[in-house]
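Remarks on the structure that follows.
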Amino acid sequence: MKLFKAGAAAAVSVVLALTATACGGGSDKSSDSGASGGAKKDKIVIGIKFDQPGLGLKNPDGKFTGFDVDVATYVAKELGYQPNQIEFKQAVSAERENLIANGDVKLVVATYTINDKRKAKVDFAGPYFVAHQDLLVRADDSSITKAEDLNKKKLCSVTGSTSAQNVKTKLAPEADLQQLPGYSECLTGLENKSLDALTTDNSILAGFAAQEKNKGKFKLVGLNLSDEPYGIGLKKGDKDLQTKVNAALKKMVADGSWQKAVDTNFGPANYKAEPAPQITEGS
């Protein structure tokens, strides 16, 4: 009888141990699922720029700031994610479509201009902002006042950006186009006079010019060379997500959060942003 009781007790102990282990294993699995972007709402991975002050910047302390960061955070909240559930992944211009197509990110909020070529590969929500292409030159350079002045000059932009090609194709065919991995490299070349101008959206240029370390070094020429409607990139065919993101963007404008983000991120550069655009994607 005592042996039976002892055996029963041992069996119960084993069952309890296995149950505890199973519960622990399930918890770890759930955590791992979230870390790898599983179906549960453990986290959301969003692609942003890491090197664009005022828009998407990874600071030395590891925190992220900028207008795109604020938009991404607001949209994620409306999708059910808190800030601590957002993983920001670097989305360089040339890799944005691949990041979306491969499922590395759920959304891309990275000064991502909506155009037909990109829409063949990904879908967009928005637009949520309209910028215009401009030129950044050295503050003491008066030789470039219009796009045509870039002929025979060294013009920089980043690989995968549409801006430099616009100038090269339509406005200054004899410009010496240099495409570098990031805007920081272009700025370094501009400062040391190995490059003559940097072209991209005026919002991006204003962010760089307003940085403390760059104050007084550069100036915007003040040209509106193109319209650049920024959209949020997402996987092609995901209409449900597109609808939800569009709804979040509309709410952000309606409750004043959009304007607050504009004032916070672009105000210091005295950059005059246009009003929030009408949403056209998915309609």
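The values are calculated or read from the model by the stated rules, or taken from the named source; none is laboratory data. All values derive from a computational prediction rather than experimental measurement. As a convention, Cβ positions derive from the backbone with ideal geometry for all residues, glycine included, and neighbour counts pool all protein chains shown. Heavy atoms of the whole protein, side chains included, go into the accessibility calculation; ligands, DNA and RNA do not. Shrake-Rupley method; radii C 1.70, N 1.55, O 1.52, S 1.80 Å.
So which residues in the stretch 234-253 are on the phi < 0 side of the Ramachandran plot, part of a loop (DSSP other than H, G, I, E, B) and open to solvent by less than 80 Å² (accessible area, probe 1.4 Å), if there are any at all?
Asp238
crowded, with 23+ Cβ neighbours inside 10 Å, modelled with pLDDT of 95 or more and within 22 Å of Gly66 (Cβ to Cβ): which single residue out of Gly256, Gly231 fits that description?
After applying the criteria, what remains is Gly231.
So if I check each of Ala72, Ala110, Ala101, which one is of a type outside the set (Phe, Trp, Tyr) and either open to solvent by 60 Å² or more (accessible area, probe 1.4 Å) or farther than 23 Å from Val262 by Cα (or both)?
Just a single option satisfies the conditions, and that option is Ala101.
Taking the criterion of being in contact with an Asp or Glu (Cβ under 8 Å, 6 or more places away or on another chain), at pLDDT below 95, open to solvent by 30 Å² or more (accessible area, probe 1.4 Å) and more than 17 Å from Thr162 (Cα to Cα), would at least one residue in the stretch 200-212 satisfy it?
no
With respect to Lys121, is the statement that it is modelled with pLDDT of 95 or more, assigned to a loop (DSSP other than H, G, I, E, B) and surrounded by fewer than 19 Cβ atoms within 10 Å (Cβ to Cβ) true?
So Lys121 passes the test.
Please find, within the stretch 79-93, the residue that is least open to solvent (accessible area, probe 1.4 Å) out of those that are over 17 Å from the mean Cα position of the chain (by Cα) and either closer than 18 Å to Gly66 by Cβ or of a type in the set (S, T, N, Q) (or both).
The extreme case among them is Gln82.
Could you check how many residues of the stretch 124-160 are basic (Lys, Arg), closer than 23 Å to Lys215 by Cα and part of a loop (DSSP other than H, G, I, E, B)?
1
Can you pull out every residue in the stretch 185-225 that is assigned to a helix (DSSP H, G or I) and within 23 Å of Gly267 (Cβ to Cβ)?
Leu187, Asn202, Ser203, Ile204, Leu205, Ala206, Gly207, Phe208, Ala209, Glu212, Lys213, Asn214
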